[in-house]
Amino acid sequence: MNDLLPDLSDENGDTVQWLPIQWRDFGGESIFSGQVETLHCMEDNSKVRELVNQPGHGRVLVVDGQGSLNKALLGDLLAERAVENNWKGIVIFGAVRDAGALSTMALGVKALGVCPIKTEKLGAGNVGVTLDLGGVSIASGDYLYADLNGVMVSKVPVK
């Protein structure tokens, strides 16, 4: 199955919400899903590092980087840690780097774009907060579904 979201939309109606953002795919897995962990940060990936170094339990990390493309919130080293710790995907409303390496990893990665510049490491960011991406509310514990058609979220698991 190459297209998950059209069927989810048809079968679940208003239970799922599409994030009206044109994501770019960077990971080696184009279809991924899981329960959400949220993070809000700006040009500082300290909390991304903390989270991917913890057991992911098949979750998806959703990072609101406020749309900034000035610094990359994820690169190959952190993505490797995410794979090792069983994260299924990372969705970043911001930039990533090491795009070539990311494309070879068993991890779903979506972002707005790329930037070769690393972030500051100031420990800034808020984990577990409710995010608003494209007018859609996303909370830790929600469920995320992604494929080449984009990203959908739901408060409950859907099939």
Here the net charge surrounding Ala111, from other residues whose Cβ is less than 13 Å away from its Cβ (Lys, Arg +1; Asp, Glu -1), is +1
Using the Cα centre of the chain as origin and beta-carbon charges of +1 (Lys, Arg) and -1 (Asp, Glu), tell me which of Ser46, Val91, Gly134 is placed farthest towards the positive end of the dipole. Ser46
If the elastic network links every pair of Cα atoms under 10 Å, which of Leu74, Leu102, Leu122 fluctuates the most in the Gaussian network model of the chain? Leu122
Selection from Ile31, Gln17, Gly108 lying farthest towards where the dipole of the chain points positive, charges on Cβ: Gly108
Quote the relative contact order of region 30-148 in percent (integer), defining contacts as alpha-carbon pairs under 8 Å separated by 6+ residues. 38
Ascending count of other beta-carbon atoms within 10 Å, so fewest first, for Leu131, Leu77: Leu77, Leu131
With 10 angstrom as the radius, rank Thr119, Thr15 by how many other C-beta atoms surround their C-beta, starting from the fewest. Thr15, Thr119
Treat every Asp and Glu Cβ in the chain as -1 and every Lys and Arg Cβ as +1, leave all other atoms uncharged, and give the resulting dipole magnitude about the Cα centre to the nearest 20 debye. 420
Just to confirm my numbers, what's the Cα centroid distance between region 82-159 and region 35-69 in Å? 7
Burial ordering of Ile31, Ile90, fewest other beta-carbon atoms within 10 Å first: Ile31, Ile90
Could you please report the charge total around Ser30, scoring K, R as +1 and D, E as -1 over all other residues with beta-carbon less than 13 angstrom from its beta-carbon? -1
Calculated from the structure, Rg/Rh (Cα atoms, Kirkwood Rh) equals which of (1) 1.10; (2) 0.93; (3) 1.22? (2)
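Rule-based calculations on the coordinates, nothing more; no lab input. No experiment lies behind these values; they were computed from the predicted model shown. Cβ coordinates were reconstructed from backbone atoms using ideal geometry, including for glycine residues, and neighbour counts include every protein chain displayed.
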